[in-house]
Amino acid sequence: MSLDELNHGQKQRLAFIDFSLQYFGEVSRQDLIAKFATGLAAATRDLACYRELAPANMQLVHQTKSYHRLPGFKALFPHDPESILHGLARGFGDGLSHPVRPSAVCLDAVSLIHPSPEIIAALMRAIQAGASLKLHYVSTSCGERQREIVPHALVNNGQRWHVRGYDRLGGKFSDFVVTRIKGISGQGPEPEQHELAAADDYWQRLVTLVLVPHPSLAHPEAIALDFNMVKGKLEIPCRAALAGYLLRQWSVDCSPKQQIRSGVCQLALANPEVLTDIEHLTIVPGAQVKA
């Protein structure tokens, strides 16, 4: 038997066994039953299947009625670092088919902003259908106004979720914070070509940000290790519409000759010429500083 012969559901259950052995040191039939709502016989088959594929990974310990990780363990599945920590912090719950049970020993960042599921659903349906929407939107500059947008993407900018789309009131592509949408009153007229994602220049334009440890740091190697830099730099390809958010989120010094010395910035932009190609320069640290 090989992994390729298994269906998606079987792979999911075996990946759970693999994950539990690697990060908790053991797994039991009851763990599988609780996670996937399977029967005892099905859980037994899954464990037997895993043992067949990886006989050196686990052994049954009768005292605990669970399978324990062996010293020669080799993971059957590649586990992405972000997914690992997310799974550990949330206790494997996905919030959809399984409830979220937060961990007491692996804690994720606290989220203060929680978009409405109904608003997210309406936005996603419009994006999938290629439709326009009429919104009741509250901005920090104009307060509440009715807007009409043609959304094409939902984006997490590191602090909050926004929807990217064509703003018919402003006559340009803009970002709208999802939590500031008070309500959606329906669809507007069918979008025209200049309102679609293909016409969003900043969205379609790809740029590469070259980040390096800030020159003011006494021990730059620490930052190079943080960001897994290669030869002291990190190259990040991203959309020009999102680059400004990334530079703000990581407090990247984008001033000429890295002039920010307050200690806030641990990273610096090594290719400042890229700033002429990105959107939202007003939020980029040091971008408005004159040489």
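Could you tell me, in Å, what Rg and Dmax come out for the Cα atoms of region 160-209?
Rg, Dmax (Cα atoms, Å): 12.6, 39.
With point charges of +1 on the Cβ of Lys and Arg and -1 on the Cβ of Asp and Glu, referenced to the Cα centre of the chain, which listed residue (V289, A198, S262) lies farthest in the positive direction of the dipole?
S262
For every helix of n ≥ 4 consecutive DSSP H residues, a contribution of -39,500 (n - 2.57) applies; sum these over the chain, divide by its total residues, and give [θ] at 222 nm rounded to the nearest 500 deg cm²/dmol.
-8500 deg cm²/dmol
If one takes the longest principal axis of the Cα atoms in the chain, at what angle in degrees, from 0 to 90 and to the nearest 10, does the Cα axis of helix 117-129 lie?
It is inclined by approximately 80 degrees.
Amide H of L70 versus every other amide H placed in the peptide plane: which residues, excluding those fewer than 5 positions away on the same chain, fall under 5 Å?
For L70, the qualifying residues are M58, Q59.
Give a quick list of GluC sites (Glu not before Pro) in region 190-265 that DSSP marks as loop, anything other than H, G, I, E or B, with at most 16 other Cβ atoms within 10 Å.
E192
Sort H194, H162, H280, H114 by accessible area with a 1.4 Å probe, largest first.
H114, H194, H280, H162
Using the Karplus curve 6.51 cos²θ - 1.76 cosθ + 1.60 with θ = phi - 60°, what ³J(HN,Hα) values do you get for each residue of region 260-276, in whole Hz, with x for Gly and Pro?
6, 10, 7, x, 6, 9, 9, 10, 9, 8, 7, 10, x, 4, 5, 4, 5
Principal axis extents for region 242-285, Cα atoms only, whole Å, descending order, please.
Principal-axis extents of region 242-285 (Cα, largest first): 26, 19, 15 Å.
Taking just the C-alpha trace of region 1-145, give me its Rg and Dmax in Å.
In order Rg, Dmax, the Cα atoms of region 1-145 give 20.8, 67 Å.
Once each part is reduced to its C-alpha centroid, what is the distance from region 257-285 to region 185-212 in angstrom?
Here the answer is 24 Å between Cα centres.
For the chain, what's the relative contact order in percent, using C-alpha pairs closer than 8 Å and at least 6 residues apart?
So the answer I get is 10 percent.
Ignoring the sites themselves, what is the longest stretch of the chain with no trypsin sites (Lys or Arg not before Pro) in a DSSP loop and at most 15 other beta-carbon atoms within 10 Å?
Here the longest run is 75-204.
Taking H as built 1.01 Å from N, whose amide H comes closer than 5 Å to the amide H of L169, not counting residues under 5 places away?
For L169, the qualifying residues are E148.
Which pairs break 19 Å Cα to Cα here: K257/K290; K11/K35; K231/K290; K233/K290; K35/K65?
K231/K290; K233/K290
Please state the charge dipole magnitude for the chain, taken about the Cα centre, from unit charges on C-beta atoms (+1 on K and R, -1 on D and E), reported in debye and rounded to the nearest 20.
Rounded to the nearest 20 debye, it is 560 debye.
Can you list the HN-Hα couplings for region 64-73, worked out from phi with the Karplus curve (6.51, -1.76, 1.60; θ = phi - 60°), rounded to whole Hz and with x for Gly and Pro?
Per residue, the Karplus-derived 3J(HN,Hα) values read 9, 6, 9, 8, 10, 5, 8, x, x, 3 Hz.
Quick check: at a probe of 1.4 Å, how many percent of the accessible area of region 102-145 sits on carbon and sulfur atoms?
That fraction is 60 percent.
Please list 3J(HN,Hα) in residue order for region 231-244, calculated via the Karplus relation 6.51 cos²θ - 1.76 cosθ + 1.60 where θ = phi - 60°; whole Hz, with x for glycine and proline.
Each residue's phi maps through the Karplus curve to give 6, x, 8, 10, 9, 10, x, 7, 6, 4, 6, 10, 4, x Hz.
Check V252: other-chain or 5+ apart residues with amide H under 5 Å from its amide H, H built from backbone geometry?
The list, which skips near neighbours in sequence, is empty: none.
Please list I236, I17 in order of solvent-accessible area, largest first, computed with a 1.4 Å probe with all protein chains present.
Descending accessible area places them as I236, I17.
Before anything else, pin down the relative contact order of region 188-291: Cα pairs under 8 Å, at least 6 apart, normalised by residue count, whole percent.
Relative contact order for region 188-291 comes out at 31 percent.
Rank G130, G188, G25 by how far each Cα sits towards the positive end of the charge dipole of the chain (+1 on Lys, Arg Cβ; -1 on Asp, Glu Cβ) and give me just the farthest.
With unit charges placed on the Cβ atoms, the residue in question is G25.
Could you tell me the convex hull volume per residue, in Å³, taken over the Cα atoms of region 137-269?
Cα-based convex hull of region 137-269, divided per residue, equals 133 Å³.
Counting heavy atoms of the protein chains only and a 1.4 Å probe, report the per residue accessible area for region 1-151 as a whole number of Å².
The answer is 62 Å² per residue.
Over the C-alpha atoms of the chain, what are the Rg and the largest Cα-to-Cα span, Dmax, in Å?
24.4, 71
State to the nearest 20 debye the size of the charge dipole of region 1-141 about its Cα centre, where the only charges are +1 on K and R beta carbons and -1 on D and E beta carbons.
260
The values are calculated or read from the model by the stated rules, or taken from the named source; none is laboratory data. Because the structure is predicted, anything quoted here is derived from the model rather than measured. In this analysis, Cβ positions are derived from the backbone assuming ideal geometry, glycine residues included, and neighbour counts consider all displayed protein chains. Note: accessible area is taken over every heavy atom of the protein model, side chains too, but ligands, DNA and RNA are not part of it. Shrake-Rupley method; radii C 1.70, N 1.55, O 1.52, S 1.80 Å.
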